[in-house]
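Okay, here's the structure, questions in a sec.
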Amino acid sequence: MRPINCEMLRQNTSLCELKPGQRACICDLSKVHASVCHRLRDLGITEGTHVELKRTSLFGGPLTLEANGQLFGIRQNEARSIGVNGA
């Protein structure tokens, strides 16, 4: 699966709306709590970063994502506040 170019995308959605295997480009972190934003920056995840949803958990558990060659988890309520292009 090839990465998506952020500039070529039209549709904005939230990170939690991706389906497993789908890739997207993070385009809006303005609604994310400061502590979550700091954690994402520590992982090298900023606006313009390409992410892929690897798996979702049952019953509203965390999402597993891949970005910059690393896997990380994020709560679904935090993922709702992250805007992405390419869903």
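Name the single residue that is nearest to Gln22 (Cα to Cα) among those in the stretch 36-87 being of a type in the set (A, V, I, L, M, F, W, C) and in a loop (DSSP other than H, G, I, E, B).
Checking each candidate, the answer is Ala87.
Let me ask you something else. Those residues that are hydroxyl-bearing (Ser, Thr, Tyr) and more than 14 Å from Glu78 (Cβ to Cβ), I need them from the stretch 22-67; list them, please.
Thr46, Thr49
OK, next. Here's a check for you: in the stretch 66-87, which residue that is without any contact (Cβ under 8 Å) to a residue 24 or more places away in the chain and in contact with a Lys or Arg (Cβ under 7 Å, 6 or more places away or on another chain) is surrounded by the most Cβ atoms within 10 Å (Cβ to Cβ)?
That would be Glu66.
Does any residue of the stretch 52-64 turn out to be surrounded by fewer than 12 Cβ atoms within 10 Å (Cβ to Cβ) and within 12 Å of the chain's Cα centre (by Cα)?
no
Tally time: how many residues in the stretch 59-84 are of a type in the set (Ser, Thr, Tyr) and over 18 Å from Ser35 (Cβ atoms)?
Result for the stretch 59-84: 1.
No value in this document is a laboratory result; all are computed from the given coordinates. Please read all numbers here as calculations on a predicted model, not as lab measurements. Cβ: placed from backbone, ideal geometry, glycine included. Neighbour counts: every protein chain shown.
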